[in-house]
Each structure stands twice: as C-alpha cells, then as structure tokens.
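Take a look at the structure set out below.
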C-alpha cells in the first residue's frame, strides 16, 4: 500500500480548490455530459481494513448494466445525428453486440447527490444517465458490465476522508471479485472509468490485476479518463502499474489509454494532469517527483495530433449527436503538467456548438473527457480486440 500519511496532508491542499465546485455541473443543452468531476476529500480519518483482507467474492453486486437484463442503460438507443461543418445532417445507426466475446467493465464518475458521504446501491437516474452517456456506445464492441458501488458523493467531498475512499473502493472490489468468480467465465476484459470511476479502477488494477499475470493477459485495454494515472517521467510503465504500459499501438493489447482534456495549459492548482495531487490522491498516487500524469491520445495512439470523434447524448428519437471534424487533440507536457490539448477547428460557416471549461481553467474540459473522444475510444477498442490473442 502507498503511504497514507502523505495522502492525508496532500488531501488538505486540494480541498481549498474544491470549495467553489463541490457539486456536479449542470447539463448544458448541447453538448451534454455524464456526472461531474471526481471528488477529492480532506480528512484525517483512520483508514479502514486493508483491501487485501476484504472478502467480497460471495456478495452479489447490484448491476447498473448487465448483459441480458432489461432495461439496460448500457444498450440504450445508439442512433446518432451526424452534423457536418456545413451541409445537411445525416443519421448513423448502431446496435449492441449482444454476442461479443469481450466484456467491458465500466465504473461511472461522481454522480450521486445523496446526503451521506458514500452512496447507497439504489439505482437512480444519475447512474442511469452516466451509463447511457459514457458506456452505452461501447456496447457495439463488447458486453458491458457496470456495478453499482458506494462512491463518495458530492455531499461527501469534504467529509468522507480516507475512510470514505476505502468504502467506495472496497465496494467496487467486492463487485469485481464476484464478477470474476461468477460472471466473467475467462473472457477478455476492457476496463472503462472516468474521474472517480477511473481513480477507483486505477487502484483496483494496480492491486488486483497488475500483479496477476493471468489477469494482465486477459486485459485488452484499460480506458482511464480524468483519473491521473501516473508513469515515470518519459516512460510508459513502472510507476502505478508495473506490467500494464500505456498504449502506443493498436496492435499490442494489455495497455492503458489515459488522459485529461483541456483547452489551454492546466494552471498550477489544476486537479488533473499533475502528479501526486488532485485526483491522483483518490487512487493513493502520492508521488510527484520523477513521475508524470499519463497522456495517450485516443485519436492518435501512436502519437501526434488527430481528429476527435465526439458523441454527445441529447435524448429524443435520435438520442446522439456527433460533430465530425470539429476538434483535434494532441498530448502536451509543460510546466509540470501533462494533458490532452483539445482545439476546435471551425471553418467558415460552421455554427456547431463547442465545449467550454464550464468549471473554470482548473477543471479544463473534465466533464467532457469521455464524450469528446467517445467515437475514437470505441474504435480503439475494436482495433485492440482484433489484435487480441488469448
């Protein structure tokens, strides 16, 4: 386990930055987004039982999404309106791959507005919306499993402390152990998480999958958006994960795609893109010296710049909208931060809406991390599945 004393002192630093942003952002009419930024908490509460002693493989999860159940928000209507820079929109239809041999294990971001420090396991509209907006398009390339977990709520941002983080993690750990023992049946796995969900997955992967060669072999890719996965400076593996490197090719599986989106360089007090602080603390990543936050461009896995394929869920008969050619992205490193720089590339006559840093420069485009690159991510998963060898 990483040192918890350092965690306690560092948590106090980011609680100040969260003072003005302690609730989920409201949804814009266009584009939309799932949930809000992952919580960061300040407390000196004593830790709970070490995860290694937590027993959960016999505790059946409450499934937000599960193959074969109805309704399933992860197989919601996937039809999309394709809106070009100029000219008439067209429609693109898609359907869930119900017989896919691949599993996706999705962990949603901070969405719970319950009054307690940790959420209960009741499925509510907030979790359903998150699954529809972030996970459902992955159902075209995998069978999506999404457990409910006792995440730190927006109300618990400043009160949950280390105990609250352990409650959230141990809840997810129990879900994972049950799924692995009773539902996975040896199938290869794609991990998907955003914000608090990504932070919980980073800890789960580092403690449960990365040390296990058999599970590393069954990992197709881990998509960890807005969670501050850390690597040694200039390297692709060796800090948080010892055996799961960053993806550098779509022909080599068992890797991670991680990034945080910004439209301008992250400020010095940013909660994303800087090692050992901000959202890093949710996965107990406290090291700053010699490490950097990972950035893999979903639009250009091998490096450089590439066009983003954004998908935003609006609801209605054609619930999705996509804006081809509106954004490009590239990984940037400057001033101790590493981030995915997103630029709008409007041409003359282009009136399509663009995302804004709705919570200010400290947060960047965090609430849109997944949706800005959703089409790219689904395509990346499909390519990596094709390359996967059992």
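Values as computed for the structure displayed
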quantity: Top-ranked residue of the range 75-95 - restricted to ones that are in contact (Cβ under 8 Å) with a residue 40 or more places away in the chain and closer than 17 Å to residue 353 by Cβ, ranked as surrounded by the fewest Cβ atoms within 10 Å (Cβ to Cβ); calculated: 86
quantity: Scope the range 136-162; condition at pLDDT 95 or above, in a loop (DSSP other than H, G, I, E, B) and in contact with a strand residue (DSSP E or B) (Cβ under 6 Å, 6 or more places away or on another chain); matching residues; calculated: 142, 148, 150
quantity: Which listed residue is assigned to a loop (DSSP other than H, G, I, E, B) and touching a strand residue (DSSP E or B) at 6+ places or on another chain (Cβ under 7 Å), from 172, 165, 78; calculated: 78
quantity: Whichever residue in the range 225-242 is in contact with a helix residue (DSSP H, G or I) (Cβ under 7 Å, 6 or more places away or on another chain) and free of Cβ contacts under 8 Å to residues at least 60 places away in the same chain and, among such residues, is surrounded by the fewest Cβ atoms within 10 Å (Cβ to Cβ); calculated: 241
quantity: Given (1) crowded, with 16+ Cβ neighbours inside 10 Å; (2) in contact (Cβ under 8 Å) with a residue 40 or more places away in the chain, number of the condition residue 325 does not satisfy; calculated: (1)
quantity: Some residue of the range 268-287 being closer than 25 Å to residue 136 by Cα, surrounded by fewer than 24 Cβ atoms within 10 Å (Cβ to Cβ) and at pLDDT 95 or above; calculated: no
quantity: Residue among 85, 96 that is in contact with a helix residue (DSSP H, G or I) (Cβ under 7 Å, 6 or more places away or on another chain), part of a loop (DSSP other than H, G, I, E, B) and at negative phi; calculated: 96
quantity: Number of positions in the range 175-213 that are in contact with a helix residue (DSSP H, G or I) (Cβ under 8 Å, 6 or more places away or on another chain), without any contact (Cβ under 8 Å) to a residue 40 or more places away in the chain, within 30 Å of residue 271 (Cα to Cα) and outside any helix (DSSP H, G or I); calculated: 1
quantity: Any hit, the range 359-379, residues being surrounded by fewer than 18 Cβ atoms within 10 Å (Cβ to Cβ), touching a residue at least 12 places away in the same chain (Cβ under 8 Å) and on the phi > 0 side of the Ramachandran plot; calculated: yes
quantity: Test set (1) surrounded by 24 or more Cβ atoms within 10 Å (Cβ to Cβ); (2) outside any loop (DSSP other than H, G, I, E, B); (3) touching a helix residue (DSSP H, G or I) at 6+ places or on another chain (Cβ under 6 Å) - residue 128 fails condition number; calculated: (1)
quantity: Options 90, 59; residue that is touching a strand residue (DSSP E or B) at 6+ places or on another chain (Cβ under 8 Å) and more than 18 Å from residue 191 (Cα to Cα); calculated: 90
quantity: Residue that is farthest from residue 131 (Cα to Cα) [pool: residues in the range 42-75 that are outside any loop (DSSP other than H, G, I, E, B) and modelled with pLDDT of 95 or more]; calculated: 63
quantity: Test: residue in the range 330-340 that is part of a loop (DSSP other than H, G, I, E, B) and either buried (at least 24 other Cβ atoms within 10 Å of the Cβ) or within 19 Å of the chain's Cα centre (by Cα) (or both); calculated: no
quantity: Selection from the range 243-254 of residues that are in contact (Cβ under 8 Å) with a residue 60 or more places away in the chain and buried (at least 18 other Cβ atoms within 10 Å of the Cβ); calculated: 247, 250, 253
quantity: Conditions (1) out of contact with any strand residue (DSSP E or B) (no Cβ under 8 Å at 6 or more places or on another chain); (2) modelled with pLDDT under 95; number of the one not met by residue 95; calculated: (2)
quantity: Unique residue being within 16 Å of residue 102 (Cα to Cα), modelled with pLDDT of 95 or more, in contact with a helix residue (DSSP H, G or I) (Cβ under 8 Å, 6 or more places away or on another chain) and in a helix (DSSP H, G or I) when the list is 216, 220; calculated: 216
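The values are calculated or read from the model by the stated rules, or taken from the named source; none is laboratory data. Bear in mind the structure is a predicted one, so any value in this text is a computation, not a measurement. Neighbour counts run over all protein chains shown; Cβ positions are idealised from the backbone, glycine included.
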